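What follows draws every value from the coordinates through simple rules; no lab data is involved. On a predicted model such as this, the values are computed, not experimentally measured, just so you know. Every residue, glycine among them, receives a Cβ derived from its backbone with ideal geometry; neighbour counts consider all protein chains shown.
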Amino acid sequence: MPDAMSQTAQSTADSSRPLAVIIMAAGKGTRMKSRRSKMLHEIAGRPLLGYAISMAEALDPSELLVVVGRDAEGVEQAFEGRARFILQAEQRGTGHAVQVAQRALVGFEGDVLIHNGDHAMLRTASVDRMRALRDRTQAPVVILTSRNPLPGVVIRTAKGDVERVVELTDATPEESEVEERNAGTYLVDAGFLAKALSELDDSNAQGEFYLTEIVAIARRMGSAVAAMLVADADETIGVNDRRELAQAAAIQYRRNAEALMAEGVTFDDPAATYIDTGVEIGRDSRLEPGVVITGPSRLGEGVHVKAHSVIEDSLLGDDVVVGPCAHLRPGSRLEQGVRIGNFVEVKNSHLGVGVKADHLAYVGDADVGAGSSFGCGSITVNYDWTDKHRTTVGEGVKVGCNANLVAPLELEDGAFVAAGTTVTKKVKSDAIAVSTGRQKNLEGWGARRRKKSGTGESGSGSDRG
């Protein structure tokens, strides 16, 4: 079963130079208008910063540094053990962020990849191409460029050589019309980076230290600057507000669907299907429109998820059918051939081979044996207002419509539960639980009711109460 994260595959670069990675994630993110760090907002089920870290991890760097600022403790906790965190206590621009991180690289010899943590869509393959360009040109600085309307304008000489990068806020009207923009990702020789950082100044409109200045510094030193125009502009979008967060999520959902389709999964409408990054789905499975699958869910082969069904943190075996409009909540485990129909909810339950609940049922905190079935309206009553209790249903058990299974409870193999029954004690094999009394019809009840009320109505349904 393929992992939809496959677009961040292991690096194939053959550069022999050691690599360190600096991810800048200290920004305040004020345009998000949020109580928490921008870096922790999710895209397709994973925090924004997680994509940049995963991309960097695939490069197998010697050092992976993440510069943090706002909500540093929360960010570090979310990614504990995956990177070394550097605190930028005072945010004075991108150049200052790298200056703070560079102190942890004293003595490092090799290349340094510098990347913005809010640029979640960059693929490892694009960094591999940057490394190949660096090896080929021996330029001390390689920048990634894009046709997206980003704030850094790439200025070239008449010969086409990269001369400098100008922030849009400092650009002349003519410069602001240039379409090639700096994507904010740099591959820099570590020795050159240390020298260039020492020459940065804050004499600009924002009073900040711009990392973009290292391009002009390289040219003053007589060194060439190489630029690689990214083929897919989606890789260079940044996330600064909720609109851009949604834009990035749409791109990631599309990538996840494309990766799964390449492995034999059918999407009736990929644009209307939302599969989290990391979800695994086997071949010959089919997903109808409106399906949402989240968390570390794994679906086997030949699974059919019908329209508007939601699957959260669940495991499905081969040939399972879910929906339409079904909900598998976290902790659900469905074995081969299980059938969950419309408006059925399953939570924290293990359903054996071939179990069926075709409509309007709730199975929560239950262990259900192979071949058992639940009728319409049947539910497990698992909560007593204080604790959750489990229900154990054996193999081949038949539960009738509108039955209540009050946990803790056991139904042995081959037991039966009659329609409308509330079961509160163990049902043995081959026994049927019946809690309803014998039906009694009261003849003439309607006429007596009308006489008592004095309405004289014929019982045609006009009594609206």
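Quarter the surface of the alpha carbon convex hull of the stretch 58-115 and you get the mean projected area, 4.4 square nanometres. Counting only DSSP beta bridges whose two residues both lie in the stretch 7-236, roughly 45 percent are antiparallel. Largest first, the three principal axis extents of the alpha carbons in the stretch 40-144 are 40, 32, 24 Å in whole numbers.
Other residues whose C-beta falls under 13 angstrom from the C-beta of Asn204 contribute a net charge of -4, scoring Lys and Arg +1 and Asp and Glu -1.
Using alpha-carbon pairs under 8 Å, 6+ residues apart, how would you state the relative contact order of the chain in percent?
Relative contact order of the chain: 10 percent.
Annotation: extensible slack from Lys388 through Glu163 equals 74.3 nm (criterion: 0.36 nm per residue apart, minus Cα-Cα distance).
Considering only DSSP states other than H, G, I, E and B, which GluC sites (Glu not before Pro) in the stretch 104-195 qualify as loop sites with at most 10 other Cβ atoms within 10 Å? Don't skip to the answer; put the middle values down first.
Working: sites: Glu109, Glu163, Glu167, Glu174, Glu175, Glu177, Glu179, Glu180; in loops: Glu109, Glu174, Glu179, Glu180.
Taking the stretch 104-195 and a limit of 10 other Cβ atoms within 10 Å, the loop GluC sites (Glu not before Pro) found are Glu174.
Shape class for the stretch 259-300, computed from the alpha carbon gyration tensor (a ≥ b ≥ c): oblate, with a/c not under 1.5 and a/b at or below b/c.
Inverting the pair-averaged 1/r between distinct Cα atoms of the chain gives 26.1 Å as its Kirkwood hydrodynamic radius.
Taken over the stretch 344-465, the percentage of Cα pairs per 10 Å bin, counting from 0 up to the bin with the maximum distance, is 14, 38, 17, 13, 15, 3. Across the stretch 129-169, the relative contact order, built from alpha-carbon pairs under 8 Å that are at least six residues apart, equals 27 percent.
Legend: ranking of residues Thr380, Thr273 from fewest to most surrounding C-beta atoms inside 10 Å; resulting order Thr273, Thr380.
Ranked for footprinting exposure by Cβ neighbours inside 10 Å, fewest first, Val346, Val320 give Val320, Val346.
A straight line joining the Cα centroids of the stretch 381-452 and the stretch 235-271 runs 46 Å. Calculated FRET efficiency, Thr137 to Asp318, Cβ-Cβ distance, R0 = 56 Å: about 0.65 to the nearest 0.05.
Nearest-5 percent of antiparallel DSSP beta bridges in the chain?
Here the antiparallel bridges make up roughly 20 percent for the chain.
Per-residue Cβ neighbour counts within 10 Å put Ile379, Ile43 in the sequence Ile379, Ile43, beginning with the fewest.
Once the piece of chain linking Lys428 and Ala250 is laid out straight, how much longer is it, given 0.36 nm per residue of separation minus the C-alpha distance between them?
The Lys428-Ala250 span can extend by a further 58.9 nm.
Residue pairs exceeding 26 angstrom between C-alpha atoms, taken from Lys306/Lys388; Lys356/Lys425; Lys306/Lys356; Lys38/Lys388; Lys398/Lys426; Lys347/Lys425: Lys306/Lys388; Lys38/Lys388. Looking at the stretch 25-125, the trypsin sites (Lys or Arg not before Pro) that sit in a DSSP loop and have at most 11 other Cβ atoms within 10 Å of their own Cβ are Lys33, Arg35. Below 13 angstrom from the Cβ of Asp413, what's the summed charge of the other residues (Lys, Arg +1; Asp, Glu -1)? Surrounding charge for Asp413 is -2.
Over the chain, dividing the summed -39,500 (n - 2.57) contributions of all DSSP H runs of at least 4 residues by the number of residues returns a 222 nm mean residue ellipticity of -5500 deg cm²/dmol.
Return the FRET efficiency for the residue pair Glu90, Met261: r is the Cβ-Cβ distance, R0 is 30 Å, and the value is rounded to the nearest 0.05.
0.05
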